[in-house]
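These notes concern the structure reproduced below.
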Amino acid sequence: MKKTKFYSIHQKLGAKIVEFAGFQMPIQYSSIIAEHKAVRNSVGVFDVSHMGEFHIKGKEALKLVQYITVNDASKLFPGRVQYSAMCYEDGGIVDDLLVYMISPEEFMLVVNASNIQKDFEWIKSNNKFDVELIDQSDVYSLLAVQGPNSQKVIQKICDIDINLEYYHFTSAQIAGLEMILSRTGYTGELGYELYFKGDESAAEKIWNEVFEAGKDFNIQPVGLAARDSLRLEMGYCLYGNDIDKTTNPLEAGLGWITKMNKENFIGLDALQKVKKEGIKRKLIGIQSDDRSFPRHGYDISVNGRLIGKITSGTVSPVLEKPIALGYVSAEYSEIGSKINYVVRSKEVPAEVVKLPFVKK
């Protein structure tokens with residue numbers, strides 16, 4: 001079982017540690033609701049060092065990225081980040097990921113922790129270009145500092161003025177250490193990611209300086225459980241729950257990142273066929289006024305007839321109502337449609353709502 005370079009800190013803070021994607025990771029420190037609200041109202045810090053980082057280097061780096069991802073990486077420039085996905089030939093999703101253009105001949109791909117080995121082997125098997133593919137997942141540590149006060153916290157220990165636009169990144173020194181500072185995030189709040197190299201002592205220094213800088217804002221450590229409830233309030237997909245090899249980007253609501261008019265990419269033919277024939281099922285947002293907790297795998301029904309399955313569910317700490325994502329037959333996907341999710345044989349009334357659940 002792997003441990004991030006922040007592991008001893010999590011232990012000292014009394015975090016509840018669980019196995020996740022081959023790592024020992026903190027799922028919560030205090031309470032999930034308190035951590036969730038810290039991010040929504042002020043600032044919280046996540047250790048997400050379990051994520052994977054691949055570097056693609058060489059004169060045909062862009063060609064490889066274009067071939068393996070569904071978004072149009074030709075629109076990128078150095079310092080720009082893009083949300084994208086990789087598909088199999090049949091249109092099923094290999095993973096969703098972030099694409100960082102470091103230079104015209106170097107890209108960094110940030111992939112999901114549970115998919116690191118699978119993604120690397122898949123990219124390698126499709127690398128027919130003059131590029132080098134390097135897995136640096138074990139080299140980088142990664143902190144996500146998220147919340148409305150995140151910029152004020154990072155600015156205190158950063159050597160440059162932070163005026164990053166959304167989905168941009170830069171090189172910076174934070175707490176005296178050179179790193180990549182980016183502004184993406186998985187919570188819907190203003191937030192920054194700190195990618196850096198170094199040992200446990202470097203990680204401890206960064207952690208301590210971030211928390212010292214955030215004292216005035218009651219900065220809190222946040223575990224994976226609140227990360228999940230935060231992303232779900234925004235309707236963001238989680239690989240393994242809402243998207244996987246059995247789902248395609250069009251039915252998952254990711255048509256906006258799927259550029260069908262760009263040059264050939266893996267899965268294009270299959271996705272063109274899906275579009276031509278019509279999407280049979282769609283990922284929807286579900287909200288209820290009942291108190292019954294919707295969970296992954298629960299049936300979705302109308303008049304006792306099965307029409308789909310819940311893929312992610314929780315009770316929103318902000319709305320104080322059950323919310324969920326799930327796939328339903330396309331005819332039931334219209335906003336305002338009345339549906340049910342099934343809890344212990346009981347049909348719980350719910351409604352299809354527009355995403356995100358929490359408007360920012």
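The values are calculated or read from the model by the stated rules, or taken from the named source; none is laboratory data. Predicted model, so just to flag it, every value in this text is computed and none were measured. All Cβ positions, glycine included, derive from the backbone under ideal geometry; neighbour counts span all protein chains shown.
Only one of these is touching a Leu at 6+ places or on another chain (Cβ under 9 Å), in a loop (DSSP other than H, G, I, E, B) and not hydroxyl-bearing (Ser, Thr, Tyr): Ile154, Ile160. Name it.
Working: Ile154 fails: in a loop (DSSP other than H, G, I, E, B).
Step by step, each of Ile154, Ile160 is checked, and only Ile160 is touching a Leu at 6+ places or on another chain (Cβ under 9 Å), in a loop (DSSP other than H, G, I, E, B) and not hydroxyl-bearing (Ser, Thr, Tyr).
Before we move on, is Ala175 assigned by TED's automatic domain parsing to the domain that holds His36 and more than 21 Å from Phe23 (Cβ to Cβ)?
Considered against the rule, which asks whether it is assigned by TED's automatic domain parsing to the domain that holds His36 and more than 21 Å from Phe23 (Cβ to Cβ), Ala175 comes out as yes.
Mind counting the residues in region 236-253 that are assigned to a loop (DSSP other than H, G, I, E, B) and touching a Leu at 6+ places or on another chain (Cβ under 9 Å)? Don't jump to the end; show me each part of the working.
Filtering region 236-253 for residues assigned to a loop (DSSP other than H, G, I, E, B) gives 236-238, 240-242, 244-253.
Okay, now just the ones that are also touching a Leu at 6+ places or on another chain (Cβ under 9 Å), so 236-238, 241-242, 247-253.
Residues meeting the conditions: 12.
Taking Ser30 and the conditions (1) surrounded by 15 or more Cβ atoms within 10 Å (Cβ to Cβ); (2) assigned by TED's automatic domain parsing to the domain that holds Pro221; (3) under 21 Å from the mean Cα position of the chain (by Cα), which numbered condition does it fall short on, given that it satisfies the others?
Every listed condition holds for Ser30 apart from (3).
Being over 23 Å from Gly188 (Cα atoms), over 19 Å from the mean Cα position of the chain (by Cα) and surrounded by fewer than 23 Cβ atoms within 10 Å (Cβ to Cβ) narrows it down to one of Gly22, Gly58, Gly79, Gly92, so name that one.
When all the criteria are applied, what remains is Gly58.
Look through Glu53, Glu106 and report the one residue that is of a type in the set (D, E, K, R) and surrounded by fewer than 20 Cβ atoms within 10 Å (Cβ to Cβ).
Criteria check complete, one pass: Glu106.
Of the conditions (1) surrounded by fewer than 17 Cβ atoms within 10 Å (Cβ to Cβ); (2) not in a loop (DSSP other than H, G, I, E, B), Asp138 fails just one. Which one is it?
(2)
Can you tell me which residue in region 109-135 is surrounded by the most Cβ atoms within 10 Å (Cβ to Cβ), limited to those that are of a type in the set (A, V, I, L, M) and more than 19 Å from Asp47 (Cα to Cα)?
Step by step, filter region 109-135, then rank; the result is Ile123.
So the check is Cβ under 9 Å with 6+ separation or different chains; which pairs have a first residue in region 142-159 that's over 17 Å from Gly188 (Cα atoms) and a second one that's polar (S, T, N, Q) and in a loop (DSSP other than H, G, I, E, B)?
Leu142/Thr4; Leu142/Ser49
Take Gly304 and decide whether it is more than 24 Å from Gly188 (Cβ to Cβ), loosely packed, with under 14 Cβ neighbours inside 10 Å, touching a residue at least 24 places away in the same chain (Cβ under 8 Å) and not aliphatic (A, V, I, L, M).
It is true that Gly304 is more than 24 Å from Gly188 (Cβ to Cβ), loosely packed, with under 14 Cβ neighbours inside 10 Å, touching a residue at least 24 places away in the same chain (Cβ under 8 Å) and not aliphatic (A, V, I, L, M).
Scanning for something in a loop (DSSP other than H, G, I, E, B), touching a Phe, Trp or Tyr at 6+ places or on another chain (Cβ under 9 Å), closer than 17 Å to Asp95 by Cα and in contact (Cβ under 8 Å) with a residue 24 or more places away in the chain, does region 269-276 turn up at least one residue? Give the derivation first.
So the first thing to find is which residues in region 269-276 are in a loop (DSSP other than H, G, I, E, B), and the list is none.
Within region 269-276 (the criterion being in a loop (DSSP other than H, G, I, E, B), touching a Phe, Trp or Tyr at 6+ places or on another chain (Cβ under 9 Å), closer than 17 Å to Asp95 by Cα and in contact (Cβ under 8 Å) with a residue 24 or more places away in the chain), the answer is no, since none of the residues qualifies.
In the set Pro349, Pro317, which member is over 28 Å from Lys275 (Cα atoms), touching a residue at least 24 places away in the same chain (Cβ under 8 Å) and not in a strand (DSSP E or B)?
After ruling out the rest, the residue left standing is Pro317.
How many of the residues in region 191-223 are crowded, with 19+ Cβ neighbours inside 10 Å and not in a strand (DSSP E or B)? Explain how you work it out, then say what you get.
Within region 191-223, the subset crowded, with 19+ Cβ neighbours inside 10 Å is 191-196, 203, 206-207, 210, 213-214, 219-223.
Keeping just the survivors that are not in a strand (DSSP E or B) gives 203, 206-207, 210, 213-214, 219, 222-223.
Within region 191-223, residues that are crowded, with 19+ Cβ neighbours inside 10 Å and not in a strand (DSSP E or B) number 9.
Find all pairs meeting these conditions: Cβ atoms under 7 angstrom apart; at least six residues apart or on different chains; first residue within region 3-32 and free of Cβ contacts under 8 Å to residues at least 60 places away in the same chain; second residue surrounded by fewer than 16 Cβ atoms within 10 Å (Cβ to Cβ).
Glu19/Met1; Gln24/Met1
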